[in-house]
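Participant: For reference, the structure I am asking about is given below.
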Amino acid sequence: MDICMHNWMRPEPIEVTIERLSRLGYDGIEIMGEPRKYNVKSVKALLEANNLKCFGAVTIMLSGRDLIHADPYFREMSVRYVNEIVDMVGALDGTIITLVPSEVGKVVAMSDPETEWGWAVDGVRQIADYASKYPNMRIGLEPLNRFETNFLNRHDQALKLMEDAGRSNVGVALDAFHINIEEADMYQAILNTGKHLVDFHVADNNRRPAGEGALDWAKLIQTLKDAGYTGPLTAEFVVPFDRSPLAEKDTDVGTTATEAELKFIRDHGSDLMSDAMYSRHVKNCIDHLRANGA
């Protein structure tokens, strides 16, 4: 199976990220959904030089990025934001847009369920229609755990939104960390999603890299194969930040993080870490996945 990785967890020069992924044996990247951050031609050249591919991108749903916001201005701006990601991924020859429909961290509704659902359906349709100019591109609706969103939490909800949107280029993206929290049977959730599974994100039950928690990765990987999944395994671990005296000492944590990016990382319970520490986690993740059948 192809193994790639998100890069939002450690904002740094894209050259550093790509070199690390290539050196450690990854097949590519699922790039941070911030199109204005990158020179697409330069990124494409870097990927080609390092024999990597861009599989797609994930939406970074900061404050105000929300398909179910009560203010139509923010809904419209959110659609435009995702459409910019679509064009970035298209230019990088990627095929996956992982779409979180609502602002990450928003757990209080702005309207009644029926109205919010209608807003989501409308937004997904607009994005899917825009993405249809790229024949192989698919939109993966990603459910998150209840502590990060009050909207999509389970695979069946994502499948229902996909069904109601009624677009053939819309599917579902699942994340091992989230489905371990929300699904009664995470393996059955994968099988139920089946042919509609667009992307699968990798983090252990504690959101550390695969193998640094309690999940059975051999069983997860075999279940993905049984479900007919042929897409990438996309590492998206967010290492919890230890503020106790037991913490491993870390230095040289300089990155290119903006204030908003740093807040997004800290809101996920993590923080900046050194290149050396981060690289160790990146290596541990792919090594464990390969050892368990990927």
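Participant: For the range 101-123, give me each residue that is part of a loop (DSSP other than H, G, I, E, B), of a type outside the set (A, V, I, L, M, F, W, C) and touching a residue at least 40 places away in the same chain (Cβ under 8 Å).
Facilitator: Within the range 101-123, P101, S102, E103, G105, S111 meet the criteria.
Participant: Moving on. Just wondering, is there one or more residues in the range 23-40 that are within 28 Å of G171 (Cα to Cα), part of a strand (DSSP E or B), without any contact (Cβ under 8 Å) to a residue 40 or more places away in the chain and not small (G, A, S)?
Facilitator: Yes.
Participant: Take L67 and tell me if it is touching a residue at least 12 places away in the same chain (Cβ under 8 Å), buried (at least 22 other Cβ atoms within 10 Å of the Cβ) and part of a loop (DSSP other than H, G, I, E, B).
Facilitator: yes
Participant: Quickly run through the range 160-217 and pick out the residues that are among the polar types (S, T, N, Q), assigned to a loop (DSSP other than H, G, I, E, B), under 19 Å from R146 (Cβ atoms) and out of contact with any Phe, Trp or Tyr (no Cβ under 9 Å at 6 or more places or on another chain).
Facilitator: Of everything in the range 160-217, nothing turns out to be among the polar types (S, T, N, Q), assigned to a loop (DSSP other than H, G, I, E, B), under 19 Å from R146 (Cβ atoms) and out of contact with any Phe, Trp or Tyr (no Cβ under 9 Å at 6 or more places or on another chain).
Participant: Follow-up. Do we find a residue being under 19 Å from the mean Cα position of the chain (by Cα) and exposed (fewer than 14 other Cβ atoms within 10 Å of the Cβ) anywhere in the range 214-221?
Facilitator: There is no residue in the range 214-221 that is under 19 Å from the mean Cα position of the chain (by Cα) and exposed (fewer than 14 other Cβ atoms within 10 Å of the Cβ).
Participant: Also, quick follow-up: Taking into account only those residues within the range 2-22 that are touching a residue at least 40 places away in the same chain (Cβ under 8 Å) and either of a type outside the set (A, V, I, L, M, F, W, C) or on the phi > 0 side of the Ramachandran plot (or both), which is surrounded by the most Cβ atoms within 10 Å (Cβ to Cβ)?
Facilitator: R10
Participant: Right, something else. For the range 124-134, does any single residue satisfy the condition of being touching a His at 6+ places or on another chain (Cβ under 7 Å) and either modelled with pLDDT of 95 or more or in a helix (DSSP H, G or I) (or both)?
Facilitator: Looking through the range 124-134, none of the residues is touching a His at 6+ places or on another chain (Cβ under 7 Å) and either modelled with pLDDT of 95 or more or in a helix (DSSP H, G or I) (or both).
Participant: Here's something else I'd like to know. Within the range 60-79, count every residue that is β-branched (V, I, T) and in contact with a helix residue (DSSP H, G or I) (Cβ under 6 Å, 6 or more places away or on another chain).
Facilitator: Selection size over the range 60-79: 2.
Participant: With the requirement that a residue be part of a loop (DSSP other than H, G, I, E, B), within 19 Å of the chain's Cα centre (by Cα) and of a type outside the set (D, E), what does the range 259-294 give you?
Facilitator: Hits for the range 259-294 are H268, G269, S270, L272, A294.
Participant: For the structure I just gave you, tell me whether F147 is closer than 18 Å to H268 by Cβ, surrounded by fewer than 16 Cβ atoms within 10 Å (Cβ to Cβ), touching a residue at least 12 places away in the same chain (Cβ under 8 Å) and not charged (D, E, K, R).
Facilitator: For F147, the condition - closer than 18 Å to H268 by Cβ, surrounded by fewer than 16 Cβ atoms within 10 Å (Cβ to Cβ), touching a residue at least 12 places away in the same chain (Cβ under 8 Å) and not charged (D, E, K, R) - is met.
Participant: Six or more apart or on different chains, Cβ atoms under 7 Å: show the pairs whose first residue is in the range 224-245 and at positive phi and outside any loop (DSSP other than H, G, I, E, B) and whose second is surrounded by fewer than 24 Cβ atoms within 10 Å (Cβ to Cβ) and not β-branched (V, I, T).
Facilitator: none
The values are calculated or read from the model by the stated rules, or taken from the named source; none is laboratory data. Everything numeric in this text was worked out from a predicted model, so none of it was measured. Reconstructed Cβ throughout: ideal geometry from the backbone, glycine too, with neighbour counts over all protein chains shown.
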